[in-house]
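First comes the structure, then the notes that go with it.
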Amino acid sequence: MPATLLPGGPIRATRDRVTALLGRHPVGLALVAPYAAFIALVFAYPFGLSVWMSFHEYFFTAPGAQVDRPFVGLRNYSAVLSDPGVRQAFGNIVVFLLINVPLTVVLALLLATALNRAVRARMFLRVAYYVPYVTASVSVVGVWLFLFSSGGLVNKALGPLAPDPSWLVNEHLAMPVIAVFVAWKQLGFFILLYLAALQNVPRELYESAAMDGASRWDSFRSVTVPAVRPATTLVVILATITGANLFTEPYLLTGGGGPNGASTSPVLLMYQRGVEQGHPDVAAAIGVLLVIGVVLVSLLNRWLLERD
Amino acid sequence: MAQTVSGASGQVARAVVLFAGAVAFLFPFYYMFIGSLQAMPDTSPAGALPSTGLTLGNYREINAQVHLVRSLVNSGIFTGGVIACTVVFGVLAGYALARLRFRGRGTLFAVVLLVQVVPFQLLLIPLYVLIVRSYGLADSYPGMILPYAINTTAVFVFRQFFLQLPDELFAAARVDGAGEVRILRSVALPLVRPALLTVVLLTFIGPWNEFLWPFLITKQTDMQPLAVSLANYISNVAARAANPYGAVLAGACVLAAPAVALFIVFQRYFTSTNIGSGVKG
């Protein structure tokens, strides 16, 4: 490299050509190379492979074995779409999202607004709110299992109002409990996102709203909510992605998507069909459909939230 | 007058909301800890405040079942490997994306944005095929680490950090004739400490808490991180134990403690601005 720093005819010409080809700081290419290779190896290639697998007959083989993997068109997709278990799992995710996303947005915005104006104990409250977010799902699932078991604290406290069958083995309540669990666990992160957005709302907007005689609720509705709308779009999209990725909770909290598949998620199904039963091609098709679903829901949300 | 009354009642309402929130978030953790110390589970509301009969027996039980130390070492190696790769390669990538002009930078940045929205679970099956079947990395640390090796949010945090450093810093070094590598080493890296702590914190919670991936690729119990061995205990063994919840909660406390402790000690490096910049780019 030092040679290029010297003034001189031929060297300068070489340098110009290098600049035209690789940019002003070619060393940047070397610095990003490991990360770019990582993206290619762990995201881009598997992404392509996933789509490819979903259109072929694919099964597990011993390392290095050469086998024929014939193109089967949409066969994996029609197998997936005609499978009642798959339809149930996608339906479960719709139930999950209808409960989880509104709950997350409302509670996160409410707590962030309150926290933004709080004077005392801010640090304590902030930490209290994101402790569930930083803790392993497996760990907090342990205590929720205990709390919501048929003889657990929640049912003891409810007494005669306790549901029967109990929460996690009740086919109408299993998915809602999971939706509430995930909202509870992720809320701290979304509160942080809203806090960042709230700090960018100009104070004058609140002052002029107060001058117009707006109540606290009015100014929340007419100033805060529109001002944090981009953050809301982000929260809704991230919460949707989190919901689509659901695996640990149905696997552990409701004992493998029970009762009778009432809390099975598409990812749990991908694991069961792909790894346990050895049909990775079918599992890949479920994955592709899941991502298409997430993209459609995200676009719909964005359109709903950002139109005027 | 009316203004101050509504102000006071507003403050009370706010305090109630904030406090209720804190209780809802913290109570399960308190209950987890208390439950892990009880020899017999007492699930009545009064049992949430036990005065006697606390014991460490549940910790002995879970240790006998899942070998806590071995699992913690596995979790530590998995997490440490991810943090090391993320810090080393993430700093380089973040610096280059923020301060250097080179061909392909815009493309790479667009790809990175895209990566953040591709759900990992879509890649589950192909990654399993590649890492377990093609590369033969089942039951190995590299196999565990590879899909998590460089945390993209961390790259964003580093990039954001280097973007906000004053240009004069870099201009002065260039005038002195320093090369780009030299500038990175002696100007940028010595300043990176605050971003480094944020990155370590948010990278830590990924692999330490991750269940699905290590669960898929570790079949040997002596290679499983704690999240996996505890989950296996919950789904297979617990039903047969004398005080199943006690042992589960003891394991849950051991798994939760390092993350919770780190975030309490270093909480000021995990703020809305840090995370906001990471997510929004």
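The values are calculated or read from the model by the stated rules, or taken from the named source; none is laboratory data. Just so you know, these numbers come straight off a predicted model, no measurement behind them. Here Cβ is always computed from backbone atoms with ideal geometry, including for glycine, and neighbour counts include all displayed protein chains.
Values as computed for the structure displayed
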| read-out | value |
| --- | --- |
| Filter result for B:Arg101 (among the charged types (D, E, K, R), more than 30 Å from A:Gly293 (Cα to Cα) and in a helix (DSSP H, G or I)) | no |
| Filtered residues of region B:120-139 (kept if more than 7 Å from chain A (Cβ to nearest Cβ) and among the hydroxyl-bearing types (Ser, Thr, Tyr)) | B:Tyr135 |
| Helices (runs of 4 or more DSSP H) contained in region B:147-230 and holding at least 1 residues within 12 Å of chain A (Cβ to nearest Cβ), under 30 Å from A:Val138 (Cβ atoms) and touching a residue at least 60 places away in the same chain (Cβ under 8 Å) | B:152-163, B:193-209, B:212-217 |
| Failed condition for A:Arg203, given (1) away from chain B (no Cβ under 12 Å); (2) over 30 Å from A:Val223 (Cα atoms) | (2) |
| Filter pass, A:Ala112 being modelled with pLDDT under 95, surrounded by 21 or more Cβ atoms within 10 Å (Cβ to Cβ), assigned to a helix (DSSP H, G or I) and among the small types (Gly, Ala, Ser) | yes |
| Selected residue (only one of A:Val141, A:Val131 is touching a residue at least 12 places away in the same chain (Cβ under 8 Å), more than 7 Å from chain B (Cβ to nearest Cβ) and crowded, with 17+ Cβ neighbours inside 10 Å) | A:Val141 |
| B:Leu72 vs. criteria modelled with pLDDT of 90 or more, more than 24 Å from A:Tyr129 (Cβ to Cβ) and not small (Gly, Ala, Ser) | yes |
| Number of positions in region B:233-249 that are more than 9 Å from every other protein chain (Cβ to nearest Cβ), at pLDDT 85 or above and over 18 Å from A:Leu153 (Cα atoms) | 1 |
| Search result, residues across region B:133-155 that are buried (at least 20 other Cβ atoms within 10 Å of the Cβ) and either over 27 Å from B:Val91 (Cα atoms) or among the small types (Gly, Ala, Ser) (or both) | B:Gly143, B:Ala149, B:Ala154 |
| Residues that are closer than 24 Å to B:Leu165 by Cβ, among the hydrophobic types (A, V, I, L, M, F, W, C) and within 7 Å of chain A (Cβ to nearest Cβ), drawn from region B:98-111 | B:Leu100, B:Phe102, B:Leu108 |
| B:Val265 vs. criteria surrounded by fewer than 21 Cβ atoms within 10 Å (Cβ to Cβ), modelled with pLDDT of 85 or more, farther than 21 Å from A:Asn245 by Cβ and more than 10 Å from every other protein chain (Cβ to nearest Cβ) | yes |
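Yes/no per residue for (1) in a helix (DSSP H, G or I); (2) at the interface with another protein chain (Cβ under 10 Å from one of its Cβ atoms); (3) over 23 Å from A:His279 (Cα atoms):
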{"position": "A:Leu29", "(1), (2), (3)": "yes, yes, yes"}
{"position": "A:Pro34", "(1), (2), (3)": "yes, yes, yes"}
{"position": "A:Ala40", "(1), (2), (3)": "yes, yes, yes"}
{"position": "A:Tyr45", "(1), (2), (3)": "yes, yes, no"}
{"position": "A:Gly48", "(1), (2), (3)": "yes, yes, no"}
{"position": "A:Val51", "(1), (2), (3)": "yes, yes, no"}
{"position": "A:Thr61", "(1), (2), (3)": "no, yes, no"}
{"position": "A:Arg69", "(1), (2), (3)": "no, no, no"}
